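J.: Here it is: the structure, laid out below.
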Amino acid sequence: MNLPAPAPLSAATCPRCGGGFACGAQAGRCDCFELHLIEALRAELAARYTGCLCLACLRELATASTTPS
C-alpha cells in the first residue's frame, strides 16, 4: 500500500523579524502547533501581521506574554 507523500514545508519570511523559515502550517505539521499562545496574543498577532511568524519570534512573544511586567 502506498501512502501519500507528506506535503512539503513552505519557505516563508517572518513579517516581524524578516528572517526566513520553513512553515509547515499548510502541511499540517508545524513546530508552532506545540506553542501555547494566550488568546489575547493570538488576536493581537492576527491584527498586526499577515502570514506566519517564525518559531523564534513566537517563542519570544509567548514568553513575554506570560512574564509579569
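Computed from the coordinates by the stated procedures, all read-outs in this text should not be read as laboratory data. Just so you know, these numbers come straight off a predicted model, no measurement behind them. No Cβ is skipped: glycine too gets one built from the backbone with ideal geometry, and neighbour counts run over all protein chains shown.
J.: Run the quick spin-label model on ALA11 and ALA47: label points 7 Å from Cα toward the beta carbon, then report their separation in nm to one decimal.
T.: 3.4
J.: So, one more: Would you please calculate the Kirkwood hydrodynamic radius of the range 17-69 over all C-alpha pairs and express it in Å, rounded to one decimal?
T.: On the way: mean 1/r = 0.0842 Å⁻¹.
About 11.9 Å for the range 17-69.
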